[in-house]
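Here's the structure, in C-alpha cells; my notes come after.
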Amino acid sequence: MADVNDFIRVRLDLAYDGTDFAGWARQPGLRTVEGTLQGGLAQVLRTEPRGLPAPRLTVAGRTDSGVHARGQVAHVDIDPEAWVALPGRSDRAPGASLVTRLGGVLPGDLVVRRAAPAPAGFDARFSALRRRYTYRIADDVALRDPLRRSHVLWTRKPLDADAMDAAVRPLTGVRDFAAYCKPRPGATTIRELQRMAWERPVDGPDAGLVVAHVVADAFCHNMVRALVGASIAVGEGRRPVSWPADLLASRRREAGVLVVPPEGLCLEEISYPADAELAARAEAVKAKRMDEDVWDEQVAAPPG
C-alpha cells in the first residue's frame, strides 16, 4: 500500500439529477451522491479485495436533498497501482478508463464526465474561486412542462422579475448572510455574493421562465433557496423591493423568509484559478475561514 503522499489526486467532473438523492453528503441508510459515487469507485478500483480503504471524496460544494448539478467537481486520492491498472490491456488513459468503468456501475442519474490527475495543489473545495447556481421558476400554467417538473418550481402567482432583480442587487458583496442561512454550530455565515440577478429569457430552453443567476465564493446552508424565497415575496407584491436588503442588515432569521423547494436549483459551474495559483488559493481560503470564525465569536460576545 502506497504512502498517503504517493497517492494520485484525481479531479472528477460530474453531473447528477438530485431528485432521488438525499443530498451530496453520505448518510447511513440514505441514497446520497457521495455514497453512490464512493461505492462505484470502490467497485471499479477494487479497494476492498486489495486491502485498501474506501475512496474518500472531497467535493466543491455540498448540495442539499433534491438539488441538481451540471458542473459539480470533486477530488479523490487513488493508489498509484490501482490507477495504472485501470486501462487493463487497452491503450486508453487511466482517466478515460475510469470514466468508462464508472459509467458501467453508476445509476443513470449520476454521471462522471471526466477524470484526470489534478494539478499540484488542487483542492476541489478550497481551491475554488466561485460557485454558480441557477434557480428556475414557472409562474404561468402555460409554461409548466411535465418533463421538467423536477427541475423547475411551479408557482401560482405571476412574478415581477424586474422587481425581483432590483431587490437582490444590493445584496452583493462580502456580507453576513445570517438572515438567509440555516445556522450550524461553529460555522460562519459570512460569504461574498459576487452576483445575483433575475431575468425572464425570451428565447432558448428557459424562454418565459423566471431564472435566477447566483454566484458566490461559497454558500452557507439553504442560502440560495432562502434568497429565492425572499425574491418571490417581492415578485408577488407581498414585500417591498427594499425588504431583502433590510432583512440582510438585520442578521436575523424571520418566519416570513420562505426556503423554497429544491427542484428549481442547479449547480451549474465551479471556477478555479490558473494551475500555478491553486495551492495558494486553497491556503488563503482556509485562513479566511479561520479568521471569519474568530470574527463571529467577537460579534457574538463583544469585549466588555
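Every read-out reported here was derived from the displayed coordinates using simple, explicitly stated rules and does not represent laboratory data. Treat the numbers as computed from the prediction; the structure is a model and nothing was measured. All Cβ positions, glycine included, derive from the backbone under ideal geometry; neighbour counts span all protein chains shown.
Things to note:
- Each residue of the range 145-159 was assigned a 3J(HN,Hα) from its phi angle through the Karplus expression (A = 6.51, B = -1.76, C = 1.60, θ = phi - 60°), giving 9, x, 6, 10, 5, 8, 10, 9, 6, 9, 10, 8, 9, x, 10 Hz with x at Gly and Pro.
- Spread of Cα-to-Cα distances over 5 Å intervals beginning at zero, given as percent, for the range 117-160: 5, 17, 19, 11, 8, 8, 10, 11, 7, 4, 0
- Prolate/oblate/rounded call for the range 4-126, Cα gyration tensor, a/c under 1.5 rounded: prolate
- Cα shape, the range 75-190, gyration tensor, a/c 1.5 rule: oblate
- Computed over the range 77-116, the Cα gyration tensor eigenvalues convert (square root of 5λ each) into semi-axes of 19, 11, 9 Å, ordered from largest to smallest.
- Each stretch of four or more DSSP H residues adds -39500 (n - 2.57); spread over every residue of the chain, this sum gives -8500 deg cm²/dmol at 222 nm.
- GNM result for the chain, Cα springs below 10 Å: residue of SER150, SER90, SER127 fluctuating most strongly: SER90
- Computed from point charges on the beta carbon alone (+1 for Lys and Arg, -1 for Asp and Glu), the dipole magnitude for the range 4-126 about its Cα centre is near 140 Debye.
- Residue of GLU268, GLU34, GLU81 that the Gaussian network model of the chain assigns the largest fluctuation, springs spanning Cα pairs under 10 Å: GLU81
- Charge dipole magnitude, Cβ of K and R +1, D and E -1 - the chain, Cα centre, debye nearest 20: 460 debye
- Since only PRO262, PRO183, GLY208 are under comparison, the one whose Cα sits farthest along the positive direction of the charge dipole of the range 130-271, derived from C-beta charges on Lys, Arg, Asp and Glu, is PRO183.
- Summed residue charge, Cβ within 15 Å of PRO240's Cβ, Lys/Arg positive, Asp/Glu negative: -3
- The local environment of GLN194, defined by Cβ-Cβ distances under 11 Å, has a net charge of +3 under the rule Lys, Arg +1 and Asp, Glu -1.
- Using the Cβ of ASP17 as centre and a radius below 13 Å, the other residues enclosed give a net charge of +1, where K and R count +1 and D and E count -1.
- Note on the chain: Rg/Rh from C-alpha atoms, Kirkwood Rh, equals 1.01.
- ³J(HN,Hα), Karplus 6.51/-1.76/1.60, whole Hz, each residue of the range 183-190, x for Gly, Pro: x, 10, x, x, 9, 6, 10, 7
- Across the chain: Cys residues that no other cysteine approaches within a C-beta distance under 4.7 Å: CYS266
- When each of the peptides 48-58, 175-185 is scored by the mean number of other C-beta atoms lying within 10 Å of its residues, the order from highest to lowest reads 175-185, 48-58.
- Taking one quarter of the surface of the convex hull spanned by the alpha-carbon atoms of the range 130-271 gives a direction-averaged projected area of 8.4 nm².
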